[in-house]
Amino acid sequence: MEFEVDAQFTRAQIQDLLDVPEERRGGDWDTGYTRFDNELFVFCNVDSSGRTGHDYPNRWDGQQLVWSAKNRSNISQPLMRAISDGSLPAHIFHRSADRSPFTYAGRARASQIEDTTPVVVHWSFDLPPAQGLTTEVSRDVLREELVKAGFDLAPSGVKTQRVTRGPTTLYIKVDSNRSVLVVGPSFEEGVTALLQIPGVQRANRNLFYHNSTMRAFPKRLWSGKAPIPYGIDFGFTSQQAFRRFIQTLEGVPIAPSTDSADQMDIDPRTETEAMRAVRLGQQNFRRDLLDVWGARCALTGLAIPELLRASHIKPWCDATSTERLDPNNGLLLAVHMDGLFDRGFISFDEHGLILISDKLSQESLKCFGLTADLKIDGLTPQHQSFLNHHRERFGFA
């Protein structure tokens with residue numbers, strides 16, 4: 001589930017958005033933190049006591065949050081170990097006055113964890129609030145610009161408003177003030193070109209934005225049990241930026257939809273169900289990795305989706321049907337790194353540090369920009385069995 005950074009929520013609203021069953025509400029949801037759908041949700045008061053009466057010394061240290069866990073917490077507890085090793089994604093909600101709504105600070109990871117009782121965690125955020133972003137054009141102005149550009153606006157819903165012109169469908173976010181225009185996921189390979197337009201920006205760290213009301217867009221499994229529509233959201237600092245965006249959007253090559261075979265460069269009359277399942281599975285696998293790695297090469301940080309490949313760690317031919325589509329069996333790599341990894345010229349140890357084959361000459365290393373200190377950050381315990389298979393397969397074990 002995605003939440004807008006700096007938006008305010010009550011606990012009940014968060015539970016509604018996550019579709020938390022009634023029998024699982026209350027309890028830890030009403031205290032400091034709880035685990036749900038393999039994600040951690042932290043609710044904390046900063047510089048004030050909470051409703052439990054405890055006055056924890058939570059504080060902001062620059063862009064980091066220094067947070068105390070529950071009184072009896074210790075570093076050996078499974079939850080604290082999961083926080084420490086980064087295997088449990090964390091969402092941080094904070095407030096400065098009890099009984100007030102919580103403000104969403106963003107997704108976070110533990111940059112430091114103190115072996116104390118209670119445990120103290122220093123949270124670092126994937127995208128600090130408003131970092132590098134300037135004021136955006138309002139949705140009302142965008143509506144006016146869309147009408148001028150020949151788009152038809154459907155009646156506004158509670159969360160989104162559908163906008164159409166010919167075959168093009170867009171959505172305006174109604175319940176958010178950041179990156180309020182959403183295009184379909186088929187424009188994924190045009191993101192780089194669109195963001196090169198002065199005044200076009202994105203507040204969302206992940207490539208995709210999910211909302212159940214965008215019914216004209218394809219669906220994918222995200223954080224819940226059922227597929228949910230998704231797209232790519234953008235914001236604009238000027239009307240001129242938006243106009244150029246629309247002009248550029250018309251020239252962006254469209255990636256095939258995962259929902260429609262007849263949009264593919266494949267004759268649907270001759271494509272078998274097995275072939276179609278494989279093709280759609282691979283497309284979803286790539287989009288999962290674009291989200292997991294923030295649309296950047298896991299090794300080099302290259303942020304051009306057109307030049308990124310969804311690389312299987314355990315190859316398709318050796319993997320089970322479940323492993324083939326498991327994002328933990330994948331790395332998002334730049335095309336040249338994907339080629340090196342796929343053919344066993346490079347691998348990675350359990351800490352993400354690069355392993356380089358002796359088959360590569362010094363000249364080749366220089367051409368590829370390979371150095372012994374290259375490292376992948378963000379590997380989880382779930383990646384390890386797949387990486388071990390890759391190391392053994394290519395003689396790095």
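Only the coordinates and a few stated rules stand behind these numbers; no lab work does. Since the structure is predicted, the reported quantities are computational estimates derived from the model, not experimental observations. All Cβ positions, glycine included, derive from the backbone under ideal geometry; neighbour counts span all protein chains shown.
A compact table of results
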| quantity | calculated |
| --- | --- |
| Total charge dipole magnitude, segment 8-125, about the Cα centre, Cβ charges on Lys, Arg, Asp, Glu only, Debye to nearest 20 | 120 debye |
| Kyte-Doolittle mean at least -0.5 and Cα axial length at least 20 Å: DSSP H helices in the chain | none |
| J(HN,Hα) series, segment 103-108, from Karplus relation 6.51 cos²θ - 1.76 cosθ + 1.60, nearest Hz, glycine and proline x | 9, 7, 8, x, 6, 9 |
| Linear extension gain, Ala372 paired with Thr248, 0.36 nm per residue minus alpha-carbon span | 40.6 nm |
| Dipole axis of the chain (+1 Lys, Arg; -1 Asp, Glu on Cβ), positive-most option in Gly26, Leu379, Leu299 | Gly26 |
| Test item: Cα-centred dipole of the chain, Lys/Arg +1 and Asp/Glu -1 on Cβ, debye | 420 debye |
| Fewest-first ranking of Cys297, Cys317, Cys367, using other Cβ atoms within 10 Å as the exposure measure | Cys317, Cys367, Cys297 |
| Long-range HN-HN contacts of Ala298 with modeled amide H, under 5 Å | Leu332, Leu333, Ala334 |
| Separation of the Ala216 and Trp316 label points, Cα + 7 Å toward Cβ, nm | 3.3 nm |
| Residues Tyr104, Tyr230, Tyr171, sorted so that the one with the fewest Cβ neighbours within 10 Å comes first | Tyr104, Tyr230, Tyr171 |
| Separation between Cα centres of segment 8-44 and segment 193-238, rounded to whole Å | 24 Å |
| Identified option (computed Cα Rg over 2.2 N^0.38 Å; candidates (i) 0.89; (ii) 1.06; (iii) 1.01) | (ii) |
| Charge-dipole axis of the chain as Lys and Arg at +1 and Asp and Glu at -1 on Cβ define it, positive-most pick from Asn74, Gly395, Phe242 | Phe242 |
| Per-q log10 I(q)/I(0), segment 273-393, q = 0.14 Å⁻¹ (Debye; single scatterer per alpha-carbon; no solvent) | -0.57 |
| For the chain, calculated [θ]222 nm from helices alone, where every DSSP H run of n ≥ 4 adds -39500 (n - 2.57) | -7000 deg cm²/dmol |
| Between segment 306-327 and segment 62-86, the alpha-carbon center distance in angstrom | 32 Å |
| Karplus (6.51, -1.76, 1.60) ³J(HN,Hα), θ = phi - 60°, over segment 62-73, in Hz, Gly and Pro reported as x | x, 9, 9, 9, 9, 10, 9, 6, 5, 3, 9, 5 |
